[in-house]
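Colleague: What follows is a structure written as structure tokens; I'll ask about it next.
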Amino acid sequence: MPRVCVRQPSVSHRTLSGCAGAPDHFFLVRTVPTPTLAPPSPVRTAPNPPRTHPPCTSRSGCVQVLTDDVPPSAMAAPAVFLATHNTSIPSACHVFNLTRPTSAGTSHQVRAHLLRPWSLQLRVFEDEDTANMWATGDIDCSAPAGNLSSSSISPSVPLPSPACSPCPVAIPRQGTITRTFFDRVESLVDLDDPASATSFFLALGVSKTAGGVQVQSLPLVKDTPPSLPIQPHPLGKRRRLSPSAGLPAASLPATAGADGTFCVGGADRGRRRVAWKYQGGRRAGRAQGAGRAQRLSVAVRPARVVLPSRATGDVRRVCQLLAGGSNVFFAGPPGCGKTHLFNNAVDKLRDAGLVVSACASTGVAASLVGGTTVHSWVGSCNGDADIASPMQMVLKDVLPFAGKVRMCAAMALVIDEVIALSLDFITRLDDVLRAVRQLSSPFDWLTMLAAGDVSQLSPPRGSFAFLSDSWRAAFGYRAVDLETHWRHGKDAELLGLLLRLRKGRHTAVDMELLATRRTAVAPPAVFCLFPHKADGDAKNDEELHSLPGESVEFIAVDEARAKYLTLVQATTLLNSAVKLLRRLTLRVGAVVAVPTGCLAGQGVPCGTQGFFTCFRTVGDRHYPRVRFQLPSGGNKTIDVIPAIAHAVALDGVNRAATRSQVPLVLAWAATIHAVQGWKLQEAAVDLTSAFAAGKALSGLSRTPTLDCLHLIGFDEDKIIVDGMGLAFHESLVAYK
């Protein structure tokens, strides 16, 4: 991308970096004596820039504005802080350090903060303490910066942006436009347009209004999906060519003779050989060609969706929004019935004739909604490696043809516990859907339904998904907030405590109440929850050795496939990459669970628990017979045979190592993260080493009453609330 240079007079400069327009760029803001807003100087393209910068890969655009005569020492100028203020919403008051080297996640935070559906006052400071005092209202912020009640836009628009016309007819990308007021002059700023964003921050840097510059984001506008006309075959009716007939050059494909091969026989010696490959038939879907994938038809949602009359309450409200073509995100506190509503909405949509793909962020959550993980649905078998791999390689060599068929056949995609997905993953998911379904709209006109609670979960790695452009394009900042407390409705004392913990507003009385549930040892036959997997494994081993009878050990069979791995290295890699254990020890009567979805084809989804009843002997081998308690109700007894799991190689495609092992784990205890969404009649919880935001709230909310909760370890300092998640929740607005 060429660099854009703006030449300014020789004046003092300061640097603004990490702005909302793009994550990897900076602005040099002129300090002029008069705070008037004027268009910038003419822009020229520098064919030979004096300094080089890494290319920007942001989807929101990137611009680098600088002066050629600024010495390098001027780049390390005084710090610049962007302060935001709102008198009625405390979470909207924030200070961003614009000169600190920022990551992509921080840039998305600034961008998302400016585009939320609230009105903000913005002002730039050089001192952080002053910026914080101004943002929190300790300094007078009453000076007017504009009037939001203006009924028309000024004929003289000061910001040179494509979206700043006096009467905008169409906005190029909805959800990126903000209304700004400089000295009561209203303008539109498109944060996706480099010129518009540059002019806005130039004007903001010179504004000295005490109350700041008022900014308000425009609401999202719903578009109509484009029609997909069926194109006629370019060749028309097929006909046979005679051997002597000359083939016109215009009818040759672009790739014909591209290999430089010449014909050596016939009358025309030395001419280019005419040949090209057929991409259909048995070659379809292979890595060598995309002919089969190109012929996949994309399912189109019916124009009119008739919902079953038996749908009532929140279920009917959500289904009506989905039937109208809206993407829906619903949230709520623990125990409000998110999973129940989720399953009911999926059933009603399927009864209405829609093809619905039910997914979740984790295997345990997927078992509760009768679906698969999002990674499995797409066909991404390499975890985070597929996020970092080049897009073309993932589409060509990683995603199976069956996964592409699922993506094209779906009319609605529903994701439970979506908050556990990262910004990078949700962006890559959007990119994959656009590429496979061959459309350019957000999530490719799939009807999206997502559920989650930011106060209980956070991504294991990376930033929140709601900070991405893909999330904002699909859901904006709208949500259906569930307020009926089904799980804790009979215990008002526990419910009030959980609601205060959710926002970090717990009191000393709440801590005294939790202290009454202290116990040194977990009661017998009570399920135990721990923050760390190692603590759960120790509890499982303790319970296993308390059972009578002999132990039987199952040892995995590992194999190194990659040439650069030894068997010892392959075993080390598999221990961290797959869920099958290296050594599994069982006794009759042990409580076990399925850690993967390898038994889903037999009706036993991932996370299902059961009891080990006996061994079945085949020759000299023993296989465990397990009676599983199905999530849908009832029991099922099967003989569990070894399954195969693999770790991906460095190329991101091939298998580096494989492991064959019985797919079972002991299940007297588990991690708090693994039981997200579960309702336990009684539980013993250890919160001594809780390490993530929402971990304590999730563990304390598994039981319906306080009497069923046993605290074997607790630390008040481990009650962590994520400030960004709380600000996102408070900025959500209801669907109209």
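The values are calculated or read from the model by the stated rules, or taken from the named source; none is laboratory data. Small disclaimer: the values here were computed from a predicted structure and weren't measured. Using ideal geometry, Cβ is built from the backbone for each residue, glycine included, and neighbour counts are taken over all protein chains shown.
Colleague: Just one of A696, A727 is closer than 28 Å to G370 by Cα, part of a helix (DSSP H, G or I), outside the structural domain of P459 (by TED's automatic domain parsing) and out of contact with any Pro (no Cβ under 6 Å at 6 or more places or on another chain); which is it? So that I can check it myself, show each step before the final result.
Modeller: Numbers: A727 fails: closer than 28 Å to G370 by Cα.
One residue alone meets the criteria, A696.
Colleague: Considering segment 306-320 alone, what residues qualify as being surrounded by fewer than 19 Cβ atoms within 10 Å (Cβ to Cβ) and in a loop (DSSP other than H, G, I, E, B)?
Modeller: Taking segment 306-320 and keeping what is surrounded by fewer than 19 Cβ atoms within 10 Å (Cβ to Cβ), we get 306-310, 312-313, 316-317, 320.
Within segment 306-320, V306, L307, P308, S309, R310, T312 meet the criteria.
Colleague: Pick from L82, L66, L115: which is closer than 22 Å to L423 by Cβ and either at pLDDT below 85 or not assigned by TED's automatic domain parsing to the domain that holds A203 (or both)?
Modeller: On the way: L82 fails: either at pLDDT below 85 or not assigned by TED's automatic domain parsing to the domain that holds A203 (or both); L66 fails: closer than 22 Å to L423 by Cβ.
Checking each option against the conditions leaves just L115.
Colleague: Do you know which of the residues in segment 455-469 that are buried (at least 23 other Cβ atoms within 10 Å of the Cβ) and of a type outside the set (D, E) is nearest to the chain's Cα centre (by Cα)?
Modeller: Of all residues in segment 455-469, those buried (at least 23 other Cβ atoms within 10 Å of the Cβ) come to 455-457, 464-469.
Going one step further and asking which of them are of a type outside the set (D, E), we end up with 455-457, 464-468.
On the way: S455: 16, Q456: 16, L457: 13, F464: 7, A465: 4, F466: 7, L467: 9, S468: 8 Å.
Looking at the filtered set, the residue picked out is A465.
This table checks each residue for (1) modelled with pLDDT under 90; (2) not small (G, A, S).
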{"residue": "A674", "(1), (2)": "yes, no"}
{"residue": "R702", "(1), (2)": "yes, yes"}
{"residue": "I712", "(1), (2)": "no, yes"}
{"residue": "E716", "(1), (2)": "no, yes"}
{"residue": "F728", "(1), (2)": "no, yes"}
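Colleague: Then there's this: Examine segment 627-634 for a residue that is within 20 Å of E543 (Cβ to Cβ), at pLDDT below 85 and buried (at least 16 other Cβ atoms within 10 Å of the Cβ), and state whether such a residue exists.
Modeller: no
Colleague: Name the single residue that is modelled with the highest pLDDT among those in segment 595-626 being in a strand (DSSP E or B) and among the polar types (S, T, N, Q).
Modeller: Step one: of segment 595-626, the residues in a strand (DSSP E or B) are 609-618, 621-626.
Filter once more, so that each one left must be among the polar types (S, T, N, Q): 609, 613, 617.
Numbers: Q609: 82, T613: 92, T617: 83.
So, considering only residues that are in a strand (DSSP E or B) and among the polar types (S, T, N, Q), the one modelled with the highest pLDDT is T613.
Colleague: Now for a different question. What are the residues in segment 364-374 that are out of contact with any Asp or Glu (no Cβ under 8 Å at 6 or more places or on another chain) and either part of a helix (DSSP H, G or I) or hydrophobic (A, V, I, L, M, F, W, C) (or both), if any?
Modeller: Result: V364, S367, V374.
Colleague: Can you tell me which residues in segment 576-591 are closer than 13 Å to C614 by Cβ and of a type outside the set (D, E, K, R)?
Modeller: The answer is L586, V588, G589, A590.
Colleague: Would segment 450-471 turn up any residue that is touching a residue at least 40 places away in the same chain (Cβ under 8 Å), among the β-branched types (V, I, T) and not in a helix (DSSP H, G or I)? Show your work before the answer.
Modeller: Initial filter on segment 450-471 (touching a residue at least 40 places away in the same chain (Cβ under 8 Å)): 450-471.
From the residues that got through so far, the ones that are among the β-branched types (V, I, T) too are 454.
Those left that are additionally not in a helix (DSSP H, G or I): 454.
Yes, the conditions are met somewhere in segment 450-471.
Colleague: Quick one: is P624 touching a residue at least 40 places away in the same chain (Cβ under 8 Å), out of contact with any Cys (no Cβ under 7 Å at 6 or more places or on another chain) and buried (at least 19 other Cβ atoms within 10 Å of the Cβ)? If you could, list the steps in order and put the result at the bottom.
Modeller: Values: touching a residue at least 40 places away in the same chain (Cβ under 8 Å): yes; out of contact with any Cys (no Cβ under 7 Å at 6 or more places or on another chain): yes; buried (at least 19 other Cβ atoms within 10 Å of the Cβ): yes.
So P624 fits the description; yes.
Colleague: Which members of segment 581-605 meet the condition of being in contact with a Cys (Cβ under 9 Å, 6 or more places away or on another chain) and over 18 Å from G634 (Cβ atoms)?
Modeller: V588, P595, T596, G597, C598
Colleague: Hey, any hits in segment 631-643 for a residue that's part of a loop (DSSP other than H, G, I, E, B), among the hydrophobic types (A, V, I, L, M, F, W, C) and free of Cβ contacts under 8 Å to residues at least 40 places away in the same chain?
Modeller: Checking segment 631-643: at least one residue is part of a loop (DSSP other than H, G, I, E, B), among the hydrophobic types (A, V, I, L, M, F, W, C) and free of Cβ contacts under 8 Å to residues at least 40 places away in the same chain.
Colleague: Restricting attention to segment 687-736, which residues are touching a strand residue (DSSP E or B) at 6+ places or on another chain (Cβ under 7 Å) and among the hydroxyl-bearing types (S, T, Y)?
Modeller: T688, T703, Y735
Colleague: Same structure, new question: Please state which of the following conditions L581 fails to meet, knowing it meets all the rest: (1) out of contact with any strand residue (DSSP E or B) (no Cβ under 6 Å at 6 or more places or on another chain); (2) aliphatic (A, V, I, L, M); (3) under 28 Å from D722 (Cβ atoms); (4) surrounded by 14 or more Cβ atoms within 10 Å (Cβ to Cβ).
Modeller: Of the numbered conditions (1) out of contact with any strand residue (DSSP E or B) (no Cβ under 6 Å at 6 or more places or on another chain); (2) aliphatic (A, V, I, L, M); (3) under 28 Å from D722 (Cβ atoms); (4) surrounded by 14 or more Cβ atoms within 10 Å (Cβ to Cβ), the odd one out for L581 is (3).
Colleague: Hey, can you tell me all the residues within segment 681-691 that are within 20 Å of I719 (Cβ to Cβ) and not in a strand (DSSP E or B)?
Modeller: Going through segment 681-691, the residues within 20 Å of I719 (Cβ to Cβ) turn out to be 683-691.
Of everything in segment 681-691, those that are within 20 Å of I719 (Cβ to Cβ) and not in a strand (DSSP E or B) turn out to be L687, T688, S689, A690, F691.
Colleague: Take segment 385-433 and flag every residue that is outside any helix (DSSP H, G or I), in contact with a helix residue (DSSP H, G or I) (Cβ under 8 Å, 6 or more places away or on another chain) and on the phi < 0 side of the Ramachandran plot.
Modeller: Restricting attention to segment 385-433, the residues satisfying the condition of being outside any helix (DSSP H, G or I) are 389-390, 399-400, 410-417, 421-422.
Still in the running and in contact with a helix residue (DSSP H, G or I) (Cβ under 8 Å, 6 or more places away or on another chain): 389, 399, 412-417, 421-422.
Within segment 385-433, S389, L399, A412, L413, V414, I415, D416, L421, S422 qualify.
Colleague: I need the full set of residues from segment 316-339 which are within 21 Å of the chain's Cα centre (by Cα), hydrophobic (A, V, I, L, M, F, W, C) and under 24 Å from S698 (Cα atoms), in order please.
Modeller: The answer is V328, F329, F330, A331.
Colleague: Moving on. Which members of segment 327-342 meet the condition of being surrounded by 19 or more Cβ atoms within 10 Å (Cβ to Cβ) and outside any strand (DSSP E or B)? Full working, then the answer.
Modeller: Of segment 327-342, the ones surrounded by 19 or more Cβ atoms within 10 Å (Cβ to Cβ) are 327-336, 338-339, 341-342.
Once the filter is applied, which keeps residues that are surrounded by 19 or more Cβ atoms within 10 Å (Cβ to Cβ) and outside any strand (DSSP E or B), segment 327-342 yields N327, G332, P333, P334, G335, C336, K338, T339, L341, F342.
Colleague: What's the total number of residues in segment 584-616 that are free of Cβ contacts under 8 Å to residues at least 40 places away in the same chain and either of a type in the set (S, T, N, Q) or surrounded by fewer than 16 Cβ atoms within 10 Å (Cβ to Cβ) (or both)?
Modeller: So the count comes out to 6.
Colleague: Additional query: Is at least one residue of segment 374-394 touching a strand residue (DSSP E or B) at 6+ places or on another chain (Cβ under 6 Å) and without any contact (Cβ under 8 Å) to a residue 24 or more places away in the chain? Give the derivation first.
Modeller: Residues of segment 374-394 touching a strand residue (DSSP E or B) at 6+ places or on another chain (Cβ under 6 Å): 374, 377, 382, 385.
Of the ones still in play, those that are also without any contact (Cβ under 8 Å) to a residue 24 or more places away in the chain are none.
The answer is no, given that none of the residues of segment 374-394 is touching a strand residue (DSSP E or B) at 6+ places or on another chain (Cβ under 6 Å) and without any contact (Cβ under 8 Å) to a residue 24 or more places away in the chain.
Colleague: Here's a follow-up. Tell me, which residue of segment 647-671 that is assigned to a strand (DSSP E or B), β-branched (V, I, T) and in contact with a helix residue (DSSP H, G or I) (Cβ under 7 Å, 6 or more places away or on another chain) is modelled with the lowest pLDDT?
Modeller: Start the filter on segment 647-671 by keeping residues that are assigned to a strand (DSSP E or B), which leaves 647-648, 655-661, 665-666, 669-671.
Now restrict to residues that are β-branched (V, I, T): 648, 658, 665, 671.
Next, from what is left, pick out any that are in contact with a helix residue (DSSP H, G or I) (Cβ under 7 Å, 6 or more places away or on another chain): 648, 671.
Working: V648: 73, T671: 89.
Residue satisfying both the conditions and the ranking: V648.
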